[in-house]
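Student: The structure is given below, and queries will be raised subsequently.
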Amino acid sequence: MRSETALPAVPGVVGPGDVLATARSIAAQQEQSGAIPWFSPTAGVPGHVDAWNHVEAAMALTVAGLSEPARRAYEWLRSTQRPDGSWPAKWVLGEVTEPGGESNHAAYVAVGVWHEWLMTGDAAFVRRMWPTVRRAIDFVLGLQTGRGEILWIRHEDGTAGDHALLTGCSSIYQSLRCAVALAEELGEPEPDWELAADQLGHVVAAHPEAFADKSRWSMDWYYPILSGPVRGEAAQRRIAEGWDTFVVPGLGCRCVNDQPWVTAAESCELVMALDAAGLRDRAVELFRTMQHLRHEDGSYWTGWQFENRRHFPGDRSTYTAAAVVLAADALAGTSPGSRIFKEIAGRPLGPSAAADPTACGCALVQVP
């Protein structure tokens, strides 16, 4: 375990011991298999597992120095990957309940493995996980359209979904950048992956018509910034355009724009997006604001329904705790992985400064 002095701290908001307690609340809910569900069974209702949130939780465990449960989490991913490179969309208590493979779920293993490499420098771990990452990225790119967006799912019968999701594709952009960096680190460069990432990032930044309309969700607002396709002045404009719609003063970020519900995970992801966009003071203030969702044991309530004045839903989810730990680390800049939402392999995560998002003909490409 890393010493407390090496743990993230945001002065006046959370200290190293607070961050460690939050990470321990994740480890306490890990299943014997290594899987990390959204939450432990409560009132007879078990939480489900999906690969994306599982990876996010593993990253938070590593930040807090809880290396043993983190490695068990990655080993579970390696051992449960299907031959096509995907994972089922949902498990409950070890049983697959939704077999379709979601593209952003599969892709995110690359972010987790790159983060673990940054944090530990363990080359043997990267080599062990590399076949898993490669199969996952091949699965994901098998869902990329001619225009560049990536369809959200391949169903159990092998057919692809009929639409792409802006949040999911934004996350995949970061995943592809991490996969490219891993390939270079191992001396197995994948230029086609880099081209696919460039094409995807452009579509995310410049072609909203490529995606299903999920604009009521705050994630569609901030994820293009958080994961890199939108940066600089464009990011700050995007933040300004959605701020009053999604941010409730004194409480945090809404999950959806038409419900009186703020959520801790979305608030902390927005914190990281603000920080990546250069709006650090606003990021720190939002991180301070959402602390009303902290439980005395270090876990965090998933959300707060501010008209009924009750926690909704009534769980303290692992993915929420993970977002808190990663946001604290991003703000503190403490760990070797703290800049993973800002840069990959020393290069800024995002489009080049010279890129012209309007200079293309991709809107004319026929989408298969």
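The values are calculated or read from the model by the stated rules, or taken from the named source; none is laboratory data. The model shown is predicted, which means the values in this text are computed figures rather than measured ones. Heads up, the Cβs are rebuilt from the backbone with ideal geometry, glycines too, and the neighbour counts pull from every protein chain shown.
Student: When residue 73 is evaluated against the numbered criteria (1) surrounded by 15 or more Cβ atoms within 10 Å (Cβ to Cβ); (2) small (Gly, Ala, Ser); (3) over 21 Å from residue 329 (Cβ atoms), which criterion, by number, is the only one it fails?
Tutor: Of (1) surrounded by 15 or more Cβ atoms within 10 Å (Cβ to Cβ); (2) small (Gly, Ala, Ser); (3) over 21 Å from residue 329 (Cβ atoms), only one is false for residue 73: (3).
Residue-by-condition table, conditions (1) among the acidic types (Asp, Glu); (2) under 28 Å from residue 292 (Cβ atoms):
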site	(1), (2)
25	no, yes
75	yes, no
80	no, no
86	no, no
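Student: Taking only the stretch 214-270 into account, find how many residues are among the hydroxyl-bearing types (Ser, Thr, Tyr) and farther than 22 Å from residue 54 by Cα.
Tutor: Number satisfying all stated conditions: 2.
Student: Give the residue that is surrounded by the most Cβ atoms within 10 Å (Cβ to Cβ), with candidates limited to residues of the stretch 113-164 that are of a type in the set (A, V, I, L, M) and over 20 Å from the mean Cα position of the chain (by Cα).
Tutor: Selected residue: 160.
Student: Take the residues in the stretch 304-345 that are in contact with a helix residue (DSSP H, G or I) (Cβ under 9 Å, 6 or more places away or on another chain) and over 29 Å from residue 116 (Cα atoms), then tell me which one is surrounded by the fewest Cβ atoms within 10 Å (Cβ to Cβ).
Tutor: Ranking the qualifying residues of the stretch 304-345, first place goes to 311.
Student: Let me ask another. Taking the stretch 216-237 as the search range and keeping residues that are of a type in the set (A, V, I, L, M) and assigned to a helix (DSSP H, G or I), which one is farthest from the chain's Cα centre (by Cα)?
Tutor: Of everything passing the filter in the stretch 216-237, 234 is farthest from the chain's Cα centre (by Cα).
Student: Let me ask something additional. In the stretch 272-296, which residues are touching a Gly at 6+ places or on another chain (Cβ under 9 Å) and aliphatic (A, V, I, L, M)?
Tutor: 276, 277, 284, 286, 290, 293, listed by residue number.
Student: So which of 5, 62, 22 is assigned to a helix (DSSP H, G or I) and at pLDDT below 95?
Tutor: 5
Student: Identify all residues within the stretch 162-185 that are touching a strand residue (DSSP E or B) at 6+ places or on another chain (Cβ under 9 Å), over 22 Å from residue 231 (Cβ atoms) and in contact (Cβ under 8 Å) with a residue 12 or more places away in the chain; write none if there are none.
Tutor: 163
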